[in-house]
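All remarks here apply to the structure that follows.
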Amino acid sequence: MRVLGIETSCDETGVAVYDTDRPGPDGLRAHAVYSQIALHAEYGGVVPELASRDHVRKLLPLVRQTLAEAGIAMRDIDGVAYTAGPGLVGALLVGAGVARSLAWALDVPAIAVHHMEGHLLAPLLEDPDLKPPFVALLVSGGHTQLIEVDAIGRYRLLGETLDDAAGEAFDKTAKLMGLPYPGGPQLAALAEQGRPGAYKFSRPMTDRPGLDFSFSGLKTQVLLAWRDSDQSETTRADIARGFEDAVVDTLAIKCERALDAAGCDTLVVAGGVGANKRLRAKLDAIATKRGGRVRFPRPALCTDNGAMIAFAGALRLQAGQHSDTAVSVQPRWDM
Ligand code: KG4
Ligand code: ZN
């Protein structure tokens with residue numbers, strides 16, 4: 001079964017083809033992502049209207065390009081999966097409209113996929129031996145959640161952020177220190193040059209039991225430290241390092257707690273912040289210490305992409321699930 005996946009929930013147009021006849025990473029016949037970063041950079045954040053218009057321009061050419069790279073004809077597609085939410089409503093509607101139209105024209109099922117379920121299942125795409133039960137840390141620009149996965153489709157929320165998501169905290173902190181959009185990866189790159197311990201920020205909500213997070217106070221701590229500093233390049237790097245260490249430690253402490261609570265030894269990390277090198281190293285060290293394992297998708301599958309949507313859609317289709325013909329999206333949607 002060959003499933004076309006379409007992702008347009010925010011500022012990345014992603015398209016992929018996943019082939020269930022080739023389990024594991026070989027199943028990903030082709031995938032392509034067009035990033036709108038340059039388009040939104042001058043506004044310092046994503047402008048929803050511009051995002052929708054650009055998806056309209058880029059999506060169909062990207063579908064053609066991806067199918068050509070996969071060496072698969074449009075008529076040989078068995079299902080079309082698309083991100084139906086959560087995300088920007090206009091951007092979601094572009095993907096839903098195109099996906100539904102293609103599915104209707106090809107007379108194949110369309111599958112509405114939850115964006116975060118896509119992220120959650122991405123690590124399984126590359127590692128067919130990885131199976132539930134496991135604990136997943138979903139860390140993106142919009143979400144920070146710990147989820148116990150008993151089976152595909154059976155998810156239990158263990159904890160989540162009460163305010164900013166981890167990626168959002170990275171982006172906002174970067175912005176307040178004058179780094180251009182999108183700040184998260186740049187802040188992480190800058191932190192590489194910073195001295196550990198030069199600035200020490202708190203590890204929010206780790207001094208009490210529970211698995212929820214709060215990152216907005218950390219951003220305020222950085223704001224005050226930055227405002228009272230000499231604002232030199234060295235200081236910026238030191239503060240970036242202090243901030244990154246605080247976020248990474250906080251996430252790591254809660255991951256360990258979640259593994260204990262779930263009685264589980266496998267941790268799966270997904271979402272854009274999962275591309276963070278220091279987080280990867282820290283969680284690797286914890287897994288080694290516990291005699292368990294941690295799995296991350298490769299960085300290209302951590303950030304938004306069509307491959308995770310094609311893969312999640314393929315799993316749903318194999319389970320006999322698909323959606324009716326309405327072009328509907330859910331900008332807010334619990335998984
Ligand atoms: O999953 P994603 O691509 O989009 C959402 O669904 O949100 O995640 C994007 C988020 C952004 O906030 C970005 O700053 C963050 O992931 N991010 C990083 C890194 N790479 C991406 N944060 C910290 N370190 C990184 N290396
Ligand atoms: Zn995402």
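Select, from LEU267, LEU251, the only residue that is more than 16 Å from ligand 2 (Cβ to nearest atom), crowded, with 17+ Cβ neighbours inside 10 Å and assigned to a strand (DSSP E or B).
Details: LEU251 fails: assigned to a strand (DSSP E or B).
Within the list LEU267, LEU251, the selection yields LEU267.
For VAL273, the stated conditions do not hold, so it cannot be described as away from ligand 2 (no atom under 16 Å from the Cβ), touching a residue at least 60 places away in the same chain (Cβ under 8 Å) and out of contact with any Pro (no Cβ under 6 Å at 6 or more places or on another chain). Name the residue, out of LEU130, LEU146, LEU106, LEU125, that is among the aliphatic types (A, V, I, L, M), over 13 Å from THR83 (Cβ atoms) and within 16 Å of ligand 2 (Cβ to nearest atom). Going through LEU130, LEU146, LEU106, LEU125 in turn, just one is among the aliphatic types (A, V, I, L, M), over 13 Å from THR83 (Cβ atoms) and within 16 Å of ligand 2 (Cβ to nearest atom): LEU125.
The rows are residues; the columns are (1) in contact with a strand residue (DSSP E or B) (Cβ under 7 Å, 6 or more places away or on another chain); (2) assigned by TED's automatic domain parsing to the domain that holds GLU168; (3) not β-branched (Val, Ile, Thr).
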| site | (1), (2), (3) |
| --- | --- |
| HIS31 | yes, no, yes |
| HIS40 | no, no, yes |
| VAL46 | no, no, no |
| ARG53 | no, no, yes |
| VAL56 | no, no, no |
| GLN65 | yes, no, yes |
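Consider GLY97 carefully, then state whether it is in the same structural domain as PRO25 (by TED's automatic domain parsing), away from ligand 2 (no atom under 16 Å from the Cβ) and among the small types (Gly, Ala, Ser). So GLY97 passes the test. Scanning region 179-189 for residues that are of a type outside the set (A, V, I, L, M, F, W, C) and without any contact (Cβ under 8 Å) to a residue 24 or more places away in the chain, which turns out nearest to ligand 2 (Cβ to nearest atom)? This residue is GLY183.
Within region 11-30, the residues that satisfy the criterion of being within 15 Å of ligand 2 (Cβ to nearest atom) and buried (at least 24 other Cβ atoms within 10 Å of the Cβ) are ASP11, THR13, GLY14, ALA16. Among the residues of region 40-57, those that are farther than 20 Å from SER101 by Cα, of a type outside the set (Gly, Ala, Ser) and modelled with pLDDT of 95 or more comprise VAL47, PRO48, GLU49, LEU50.
So that you can scan it fast, the table gives a plain yes or no per residue for (1) farther than 13 Å from ALA310 by Cβ; (2) in contact with a Cys (Cβ under 6 Å, 6 or more places away or on another chain); (3) among the aliphatic types (A, V, I, L, M); (4) more than 16 Å from ligand 1 (Cβ to nearest atom):
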site: THR13; (1), (2), (3), (4): yes, no, no, no
site: ALA70; (1), (2), (3), (4): no, no, yes, yes
site: GLY97; (1), (2), (3), (4): yes, no, no, yes
site: ARG100; (1), (2), (3), (4): yes, no, no, yes
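The values are calculated or read from the model by the stated rules, or taken from the named source; none is laboratory data. Here the structure is a predicted model, which is why all the values come from computation and not from measurement. Cβ sites come from the backbone with ideal geometry, for glycine too, and all protein chains shown count toward neighbours.
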